[in-house]
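One structure below.
The values are calculated or read from the model by the stated rules, or taken from the named source; none is laboratory data. Treat the numbers as computed from the prediction; the structure is a model and nothing was measured. Positions of Cβ are backbone-derived with ideal geometry, glycine not excepted, and every protein chain shown enters the neighbour counts. These area figures cover heavy atoms from the full protein model, side chains too; ligands, DNA and RNA do not enter into them. Shrake-Rupley method; radii C 1.70, N 1.55, O 1.52, S 1.80 Å.
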Amino acid sequence: MRFFTAFLSLTCLFTTISARYDLSISNERRAALEVPQRPGFTLTWSETFSKPGAISSSEWQFDVGTSYPEGPPNWGTGEIQTYTNSLKNAYISQNEHLTIVPLQNPKTGTWTSARIETVEDSFKCQPGGQMIIEAKILLPGGGMQEGVWAAFWAMGRKFRRNGNDGWPMTGEWDIMEAVNGGNTTLGTVHCGSFPGGPCDEPNGIGGTANIVRGVFNNYALRIDRTSQNWRKEYLSWSVNDVEYHTVSGYDIGNYTTWSNLVHEPFFLLFNVAMGGGFPNAWAGHVTPTPKTTPGYGMLVDWVAVYNK
Ligand SMILES: *[C@@H]1O[C@H](CO)[C@@H](O)[C@H](O)[C@H]1NC(C)=O
Ligand SMILES: *[C@@H]1O[C@H](CO)[C@@H](O)[C@H](O)[C@H]1NC(C)=O
């Protein structure tokens, strides 16, 4: 009986493996195999990074250089790397993971890395509904990671349509931010006016959770608009389905600001920055340091958007 059970599960394993590597399989079927169901929710969009090599330019656009055209220098955060669209800095690995790798030029000491945005910019929670944006991400342990700043986040489409301008009123959801190789993730919103305003810019309104490095964890933001009263609408951040932070309409207080932050369509971003105000503040000194190890970035197994 034991033998029979073992044989059965082995058969299942082989079926799964051959399905995974069958290139004729449709993207929808791949997503169904890899991305979890969320009971009551419809899978609106997903990317499973299942084709090793270059990142799909029909789904993703690269931000390159050190700013948006005519945007603030160093991407407005003080980060010091130059973003490239080189396969060295960002690619889909043989294991089917989006891989973003900061690298240092050994002669000049300068850093490169990558930042990508979804071409799709219509991710939106309908009135009365809910939306979940979730990704399965591995942040590596080890090395000297002072200055490494990995992020999974989203910005309002109005920002993009406005020539990458109008932040923070156009809204920002930081779903996962982790710096300096630490065991903490941050979930934050940015909104309203700069400096100060209802989101206390440049800080934003954030919460933290402990994470384990070297393994994949699920990072999710859920938007809940099921209340008729906008002040009771809220954003909820979780790691592996455990909620650790919420922000409601009551917290923001101003309907115009809340509407820009929660009712408008957004696009998603993944990036690994080097240095800047945030990792510097956490380290208590300027980062990266001469000891910072190149090559420690982020892996993403899949990213999905669900609506209800
Ligand atoms: C993170 O946790 C690991 C494992 O417990 C530990 O070795 C490491 O020192 C921690 N890192 C920091 C920055 O606290
Ligand atoms: C809400 O914010 C908008 C945009 O900053 C501002 O014009 C408006 O005066 C604010 N409303 C209130 C009631 O403070």
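Details
- Which numbered condition GLY196 fails, given (1) under 25 Å from VAL101 (Cβ atoms); (2) open to solvent by 20 Å² or more (accessible area, probe 1.4 Å): (1)
- Residue count for the stretch 177-198, restricted to those that are more than 16 Å from ligand 1 (Cβ to nearest atom) and touching a residue at least 60 places away in the same chain (Cβ under 8 Å): 4
- Restricting ASN240, ASN260, ASN203, ASN217 to those that are under 21 Å from the mean Cα position of the chain (by Cα), within 16 Å of ligand 1 (Cβ to nearest atom) and surrounded by fewer than 22 Cβ atoms within 10 Å (Cβ to Cβ) reduces the list to ASN217.
- Qualifying residue in the stretch 212-219 (condition: modelled with pLDDT of 95 or more and within 23 Å of GLY76 (Cα to Cα)): no
- Qualifying residue in the stretch 165-186 (condition: among the charged types (D, E, K, R), closer than 23 Å to THR257 by Cβ and within 16 Å of ligand 2 (Cβ to nearest atom)): yes
- Of everything in the stretch 59-71 that is of a type in the set (Asp, Glu) and part of a loop (DSSP other than H, G, I, E, B), the residue that is surrounded by the fewest Cβ atoms within 10 Å (Cβ to Cβ) is GLU70.
- No other residue among THR112, THR170, THR118, THR185 is open to solvent by 30 Å² or more (accessible area, probe 1.4 Å) and either under 18 Å from HIS245 (Cα atoms) or not hydrophobic (A, V, I, L, M, F, W, C) (or both) apart from THR112.
- When the criteria are applied in full, ALA283 fails the requirement of being free of Cβ contacts under 8 Å to residues at least 40 places away in the same chain, within 16 Å of ligand 1 (Cβ to nearest atom) and buried (at least 17 other Cβ atoms within 10 Å of the Cβ).
- Which listed residue, of ASN74, ASN85, is modelled with pLDDT of 95 or more and assigned to a helix (DSSP H, G or I): ASN74
- Flag for CYS191 being over 22 Å from TYR68 (Cα atoms) and within 15 Å of ligand 2 (Cβ to nearest atom): no
- Cross-chain or 6+ apart pairs with Cβ under 8 Å, the stretch 246-257 first and open to solvent by 10 Å² or more (accessible area, probe 1.4 Å), then of a type in the set (Ser, Thr, Tyr): THR246/TYR234; THR246/SER236; SER248/TYR234
- Within the stretch 188-211, not a single residue is touching a helix residue (DSSP H, G or I) at 6+ places or on another chain (Cβ under 6 Å) and hydroxyl-bearing (Ser, Thr, Tyr).
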